[in-house]
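Visitor: The structure under discussion is supplied below as structure tokens; questions concerning it will follow.
The values are calculated or read from the model by the stated rules, or taken from the named source; none is laboratory data. Please read all numbers here as calculations on a predicted model, not as lab measurements. Counting neighbours? That spans all protein chains shown, and the Cβs are built from the backbone with ideal geometry, glycine included.
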Amino acid sequence: MKSMIKSLLTNKACLLLACTFLMIGNACKPAADNTAATAPASDDDIAGLVREKIPGTTIEYARQMNAAGALEIEGFLDGNEKTGQWIRYNPEGEIIQINNFVNGKLEGTAMKMSFRNQVDLKINYKQGEMDGSWTAYKFGKVIEERNYVAGKLEGTVKVYDEKNFKLKQETQFKNGLQDGSLKYFDENGNVVLSYEYKNGEKIGGGIVEPPK
């Protein structure tokens, strides 16, 4: 069955996917903004997908073509629930998004790519919620790092300058709320502003005098 499923994915998908994971292993990735955590689209609307039954299983191979007749989305369905890997392509046939599903919910690592399959964003999911590391990239460099537990920010969020890629902001979170320090850094790595938060409320802090 595994060989049957694998053969249904396009050769281009397999080749580009292999290249994508190779780039990830070498930290070759690009960017996302540092506001709301925007997950790669999950393509929840399965209406209109062309389905092909896989003999001897409950699994169907599903795909969607664009107006020009090129492959736009492909993946697998078990009944009306997404399962396994789903891939989205741009009009040029390059992979721009990879999601993984279990029982219709996002699971594991999702990736959003841009130019020449460089990774812009990696998000980890557990049962449909962000859970684990969230990392944005630009030109192969990390520009933001977060951690989620059951869909809520937890721990340290780090934001890096998009020009020199040095750390410029560090924020502590607990159960989705700012809790702990919020620090801003200059180009030399010195803290220039520091605030303290508790349960989402600022309780102190201000300008930090530069080292003498």
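Visitor: In the stretch 42-50, is there at least one residue being touching an Asp or Glu at 6+ places or on another chain (Cβ under 8 Å) and either crowded, with 17+ Cβ neighbours inside 10 Å or not small (Gly, Ala, Ser) (or both)?
Guide: Scanning the stretch 42-50, I find no residue that is touching an Asp or Glu at 6+ places or on another chain (Cβ under 8 Å) and either crowded, with 17+ Cβ neighbours inside 10 Å or not small (Gly, Ala, Ser) (or both), so the answer is no.
Visitor: Also, quick follow-up: Please enumerate the residues belonging to the stretch 174-188 that are surrounded by fewer than 16 Cβ atoms within 10 Å (Cβ to Cβ) and in contact with a strand residue (DSSP E or B) (Cβ under 7 Å, 6 or more places away or on another chain).
Guide: Once the filter is applied, which keeps residues that are surrounded by fewer than 16 Cβ atoms within 10 Å (Cβ to Cβ) and in contact with a strand residue (DSSP E or B) (Cβ under 7 Å, 6 or more places away or on another chain), the stretch 174-188 yields ASN175, GLY176, SER181, ASP186.
Visitor: Could you check THR171 against (1) surrounded by fewer than 20 Cβ atoms within 10 Å (Cβ to Cβ); (2) under 24 Å from ILE203 (Cβ atoms) and say which number it fails?
Guide: With (1) surrounded by fewer than 20 Cβ atoms within 10 Å (Cβ to Cβ); (2) under 24 Å from ILE203 (Cβ atoms) applied to THR171, the lone miss is (1).
Visitor: Across the stretch 133-177, what is the number of residues that are touching a residue at least 40 places away in the same chain (Cβ under 8 Å) and of a type in the set (Phe, Trp, Tyr)?
Guide: Of the residues in that region, 4 qualify.
Visitor: Please determine whether any residue of the stretch 196-209 is more than 30 Å from GLU60 (Cβ to Cβ), at pLDDT 95 or above, touching an Asp or Glu at 6+ places or on another chain (Cβ under 9 Å) and buried (at least 19 other Cβ atoms within 10 Å of the Cβ).
Guide: Yes, some residue in the stretch 196-209 is more than 30 Å from GLU60 (Cβ to Cβ), at pLDDT 95 or above, touching an Asp or Glu at 6+ places or on another chain (Cβ under 9 Å) and buried (at least 19 other Cβ atoms within 10 Å of the Cβ).
Visitor: Specify the residue that is farthest from ASN124 (Cα to Cα); the eligible residues are those in the stretch 144-183 that are outside any strand (DSSP E or B) and touching an Asp or Glu at 6+ places or on another chain (Cβ under 9 Å).
Guide: Initial filter on the stretch 144-183 (outside any strand (DSSP E or B)): 150-151, 154, 161-166, 175-176.
Now restrict to residues that are touching an Asp or Glu at 6+ places or on another chain (Cβ under 9 Å): 150-151, 161, 164, 166, 175-176.
Details: ALA150: 11, GLY151: 10, ASP161: 23, ASN164: 27, LYS166: 24, ASN175: 17, GLY176: 16 Å.
Restricting to residues being outside any strand (DSSP E or B) and touching an Asp or Glu at 6+ places or on another chain (Cβ under 9 Å), the top hit is ASN164.
Visitor: Let me ask something additional. Would you confirm, using the coordinates I've provided, whether GLU162 is surrounded by 17 or more Cβ atoms within 10 Å (Cβ to Cβ) and modelled with pLDDT of 95 or more? Can you show your working first?
Guide: On the way: surrounded by 17 or more Cβ atoms within 10 Å (Cβ to Cβ): no; modelled with pLDDT of 95 or more: yes.
So GLU162 does not fit the description; no.
Visitor: Additional query: Of the residues GLY108, GLY93, GLY180, only one is of a type outside the set (A, V, I, L, M), at pLDDT 95 or above and within 30 Å of LEU77 (Cβ to Cβ); which?
Guide: Values: GLY93 fails: at pLDDT 95 or above; GLY180 fails: within 30 Å of LEU77 (Cβ to Cβ).
Matching residue, one of GLY108, GLY93, GLY180: GLY108.
Visitor: Please go through the stretch 104-114 and give me each residue that is within 24 Å of GLY140 (Cβ to Cβ) and touching a residue at least 60 places away in the same chain (Cβ under 8 Å), ordered by number. So that I can check it myself, show each step before the final result.
Guide: Taking the stretch 104-114 as the starting set, the residues that turn out to be within 24 Å of GLY140 (Cβ to Cβ) are 108-114.
Selection gives ALA110, MET111, LYS112, MET113, SER114.
Visitor: Which one is nearest to ILE59 (Cα to Cα), of the residues in the stretch 104-116 that are touching an Asp or Glu at 6+ places or on another chain (Cβ under 7 Å) and surrounded by 19 or more Cβ atoms within 10 Å (Cβ to Cβ)?
Guide: The extreme case among them is LYS112.
Visitor: Could you list all residues from the stretch 123-160 that are at negative phi and small (Gly, Ala, Ser)? Please lay out each step first, then the result.
Guide: Quick first cut of the stretch 123-160, residues at negative phi only: 123-126, 129-131, 133-138, 141-149, 152-154, 156-160.
Those that are at negative phi and small (Gly, Ala, Ser): SER133, ALA136.
Visitor: Further question on the same structure: Quickly run through the stretch 120-143 and pick out the residues that are in a loop (DSSP other than H, G, I, E, B) and either more than 19 Å from PHE165 (Cα to Cα) or among the small types (Gly, Ala, Ser) (or both). Show your work before the answer.
Guide: Kept after step one, since they are in a loop (DSSP other than H, G, I, E, B), are these residues of the stretch 120-143: 127-128, 139-140.
Within the stretch 120-143, GLN127, GLY128, GLY140 qualify.
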